[in-house]
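Quick note: the coordinates plus some simple rules give every number you see, no bench work behind them. Note that the structure is a prediction, hence the values are computed from the model and not measured. Neighbour counts are summed over all protein chains in view; Cβ atoms, including those assigned to glycine, are modelled from backbone coordinates with ideal geometry.
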Amino acid sequence: MFGALATGRTLVTGLLEGEDILNTVKALQALGCPIRRTGTAWEVLGRGVGGLEAPATDLDFGNSGTGVRLMMGVIAGHDMAVRMTGDASLSRRPMGRVLKPLVRMGLEVLDRGRETLPLGIRGSAELIPIEYQLPVASAQIKSAILIAGLHATGETTVIEPAATRDHTERMLSYFGAQVTATKRQGLRAVSIKGDAELAGRDVKVPGDPSSAAFLAAAALIAPGSEVTIEGVLINPTRTGFYTTVREMGADVAFTSERNEGGEPVADIRVRHARLKGVRVPPDRAPTMIDEYPVLACLAAYAAGETRMEGLAELKVKESDRLAATAAGLTANGVAAKVDGDALVVAGGSGVPGGGCVATQLDHRIAMAFLTLGLGAERPVTIDDAAMIATSFPGFRSLMEGLGAAFTVPEEAAP
């Protein structure tokens, strides 16, 4: 997206070619930005801030909540009408809390009263800068506002109730935007100057810590394992999972730490270890919100109770991940319950397995429970694996390369 809003050429290497990313590529191409794969890299020929064109068709984001919400910030600064669509899962997810601040800036919602996809919106070439305090800690809302702020005349500020992942601020600065972060009454305030000009850059994408968590969990579950995951992002706003498993007794080390494209990166070495249950405080949730399903599966193998608090956000992900995780554990003989906005898992008694997990079209639920099956007494089955390709198309082959064995039950085979 930033390459499309920049002037000149942006070359991206190390791109995760999952469906979410490719749907964003298709949307930007439909908006008039030339993007092509060249060898192992992707070339983006930017149109400049405000330089995209009205698409001839709907923009279909498939399962990507991040893609559609950030694109709302992009569209907000263009005088054109766009209709956004997605799959059945994405069409259930709330968009109102992103639309609210963008409407204040000048975005128009053409489908009055609707807050879910499909949704028609119209941007404006004359956006108004705002100061907005987020009602919940959300990097997606923050990012959408900051991206819209590129197009506004003046300074746009977002105030966070708790610090969220800061990739947007880092990359905006890398592309040439004027971004500042300050403290206001103990809260983090991020500001961006509008009428911005971005310049195309070379970007090397580090490994995703959320995807790496499945490989780390696999190593912690299977006795005798040692796995090194190379070139993973270790931005402190994203490392809550690794902090938590260390508290549980995991043998995890960050090695070869370096900086790439404005982000801290390292190789992550994980060795099997005996784990114990812990309390995961609510203020850690923003740093590991996508990793809770696999952490809950890992907690099934830890001695004692693990209590994960402050998980209201999990109820409005690709599925109600809180309920889906508890149900999947219960189906496989693990004592688990939802307690308000907390998830409680009683581990240490083994994982009987043998259950079938309803993934509810959620890629992280699917991968988490396949990972749970690595140490279960009987295989763990999921009802659908197709959606894994949205974020981690290489999941199965990577896990098989590490020694995992997958089978397709006869009744599910084509």
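Give the longest segment of the chain that steers clear of GluC sites (Glu not before Pro) in DSSP loops with at most 15 neighbouring Cβ atoms within 10 Å, not counting the sites themselves.
It works out to 198-376.
Given bins 20 angstrom wide, list per bin the percent of all Cα-Cα distances in the chain, short to long.
Reading the bins upward from 0: 27, 57, 16, 0.
Starting from the Cα gyration tensor of region 231-321, take the square roots of the eigenvalues, sort them a ≥ b ≥ c, and report rounded, prolate or oblate (rounded when a/c is under 1.5, otherwise prolate if a/b is larger than b/c, else oblate). Mind dumping the intermediate values first?
On the way: a/c = 2.29, a/b = 1.24, b/c = 1.84.
Verdict is oblate for region 231-321.
What's the angle, to the nearest 10 degrees (0 to 90), between helix 96-105's Cα axis and the longest principal axis of the chain?
The answer is roughly 20 degrees.
Shape verdict for region 209-412, please, from the Cα gyration tensor: rounded (a/c under 1.5), prolate (a/b greater than b/c) or oblate.
Since a/c stays below 1.5, the shape of region 209-412 is classed as rounded.
Pairs of Cα atoms under 8 Å, at least six residues apart: use those to get the relative contact order of region 2-204, whole percent.
The value is 22 percent.
At a Cα cut-off below 27 Å, give the lysines reachable from LYS337, other chains included and same-chain residues fewer than 8 away excluded.
Within reach: LYS276, LYS315, LYS317.
Between region 255-307 and region 194-226, how far is it from one alpha carbon centroid to the other, in angstrom?
Centre-to-centre distance over Cα atoms comes out at 13 Å.
For every other residue with a beta carbon closer than 14 angstrom to the beta carbon of ARG201, add +1 if it is Lys or Arg and -1 if Asp or Glu, then tell me the sum. Walk me through the numbers on the way to the answer.
Working: positive: ARG9, ARG170, LYS204; negative: GLU43, GLU197, ASP202, GLU260, GLU263.
Neighbourhood net charge equals -2.
If a/c stays under 1.5 just call it rounded; otherwise compare a/b with b/c (prolate if a/b is bigger, oblate if not). Do that for region 156-229, with a ≥ b ≥ c from the square roots of the Cα gyration tensor eigenvalues.
Oblate.
Specify the angular offset, from 0 to 90 degrees and rounded to the nearest 10, of the alpha carbon long axis of helix 209-221 from the longest principal axis of the alpha carbons in the chain.
Approximately 0 degrees, to the nearest 10.
From the backbone phi of region 344-350, what are the Karplus-calculated ³J(HN,Hα) couplings (6.51 cos²θ - 1.76 cosθ + 1.60, θ = phi - 60°) in whole Hz, Gly and Pro given as x?
For region 344-350, the Karplus curve yields 10, 10, 9, x, x, 9, x Hz.
Return the calculated 222 nm mean residue ellipticity for the chain, to the nearest 500 deg cm²/dmol, obtained by summing -39500 (n - 2.57) across DSSP H runs with n ≥ 4 and dividing by the residue count.
-8000 deg cm²/dmol
Once the Cα atoms of helix 321-331 and of the chain are each reduced to a long axis, what angle between those two axes, in degrees from 0 to 90 to the nearest 10, is obtained?
Approximately 20 degrees, to the nearest 10.
With the contact rule set at Cα under 8 Å and sequence spacing of 6 or more, what percent relative contact order holds for the chain?
Contact order relative to length: 12 percent.
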